[in-house]
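*Asks:* Next up is a structure, given as structure tokens.
The values are calculated or read from the model by the stated rules, or taken from the named source; none is laboratory data. Because the structure is predicted, anything quoted here is derived from the model rather than measured. Ideal geometry is used to build each Cβ from the backbone, glycine not excepted, and the neighbour counts take in all protein chains shown.
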Amino acid sequence: MIVDSNLTATSRSAAGEHEPGVRGAMLADINQIDWVPLGEGVKFKLLRYCDVTGDWVLYVQLQPHVKFGRHKHITPAEFFIMKGELLFERGSAKAGVYGYEEIGEIHEEACGAVETEFLYFGHGPVAFINAQDELLFIADLAFYKDAWNGKLAEDIIS
């Protein structure tokens, strides 16, 4: 992996060609991009990010019964289930389901029923909070770029 002084990953694939922070048109082959752990039972591939907007796109794999920590969406997010089933307060999202998460939405329970893979479109930060709504940490573009570069500061699994 080649990293510039701004901690921007400029190569993270088996072929050494994936540049998730590139400006302009691009293609990202998930079959050629390495997995990066985000905690026990969850890993991701950083497909694209934009330093200007703070948006990021992840391909996420979640093992059965692994639960994301309690979190609040500070900005909207979108997801598309590619494989498996994601369980959360609203119900079940199986393969082929698109979901939108609005600003202010809090997730107490979000976990994979089986091995689950999904595309996640983050449009800004997500606040991980405790039961008293106190901030534990922020998962934003900087968080995912650091994790991509092997510097995982916090575990997003509860």
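*Asks:* I'd like to verify a number: residues in segment 77-92 that are in contact with a Leu (Cβ under 6 Å, 6 or more places away or on another chain) and under 11 Å from A113 (Cα atoms), how many?
*Replies:* Qualifying residue count for the region: 0.
*Asks:* Which condition from (1) buried (at least 18 other Cβ atoms within 10 Å of the Cβ); (2) modelled with pLDDT of 90 or more is the one that A110 breaks?
*Replies:* All conditions are met except number (2).
*Asks:* All but one of (1) of a type outside the set (D, E); (2) touching a Phe, Trp or Tyr at 6+ places or on another chain (Cβ under 6 Å); (3) farther than 23 Å from E17 by Cα hold for L119; state the number of the condition that does not hold.
*Replies:* (3)
*Asks:* Among the residues of segment 15-37, is any at pLDDT below 95, surrounded by fewer than 18 Cβ atoms within 10 Å (Cβ to Cβ) and within 30 Å of Q132 (Cα to Cα)?
*Replies:* Yes - at least one qualifying residue is present in segment 15-37.
*Asks:* Continuing with this model, one more query. Examine segment 123-133 for a residue that is free of Cβ contacts under 8 Å to residues at least 24 places away in the same chain, more than 16 Å from R48 (Cα to Cα), out of contact with any Phe, Trp or Tyr (no Cβ under 6 Å at 6 or more places or on another chain) and not acidic (D, E), and state whether such a residue exists.
*Replies:* Scanning segment 123-133, I find at least one residue that is free of Cβ contacts under 8 Å to residues at least 24 places away in the same chain, more than 16 Å from R48 (Cα to Cα), out of contact with any Phe, Trp or Tyr (no Cβ under 6 Å at 6 or more places or on another chain) and not acidic (D, E), so the answer is yes.
*Asks:* Go through G24, G39, G54 for me and flag whichever is of a type outside the set (K, R) and in contact with an Asp or Glu (Cβ under 6 Å, 6 or more places away or on another chain).
*Replies:* G39 is the lone residue from the list that is of a type outside the set (K, R) and in contact with an Asp or Glu (Cβ under 6 Å, 6 or more places away or on another chain).
*Asks:* If Q132 satisfies all but one of (1) at pLDDT below 95; (2) loosely packed, with under 12 Cβ neighbours inside 10 Å, what's the number of the condition it fails?
*Replies:* That leaves (1) as the condition not met.
*Asks:* Would you check which residues across segment 122-150 are part of a helix (DSSP H, G or I) and aliphatic (A, V, I, L, M) and list them?
*Replies:* Step one: list which residues in segment 122-150 are part of a helix (DSSP H, G or I), which gives 141-148.
Scanning segment 122-150 gives L141, A142, A147.
*Asks:* Considering segment 57-89 alone, what residues qualify as being out of contact with any Cys (no Cβ under 9 Å at 6 or more places or on another chain) and aliphatic (A, V, I, L, M)?
*Replies:* Passing the criteria: V57, L58, V60, I74, A77, I81, M82.
*Asks:* Which one of E78, E115, E85 is at pLDDT 95 or above, among the charged types (D, E, K, R) and within 14 Å of the chain's Cα centre (by Cα)?
*Replies:* Answer to the selection: E78.
*Asks:* Condition (residue is closer than 19 Å to G21 by Cβ, touching a helix residue (DSSP H, G or I) at 6+ places or on another chain (Cβ under 9 Å) and touching a residue at least 12 places away in the same chain (Cβ under 8 Å)) applied to segment 57-75: is it met by at least one residue?
*Replies:* yes
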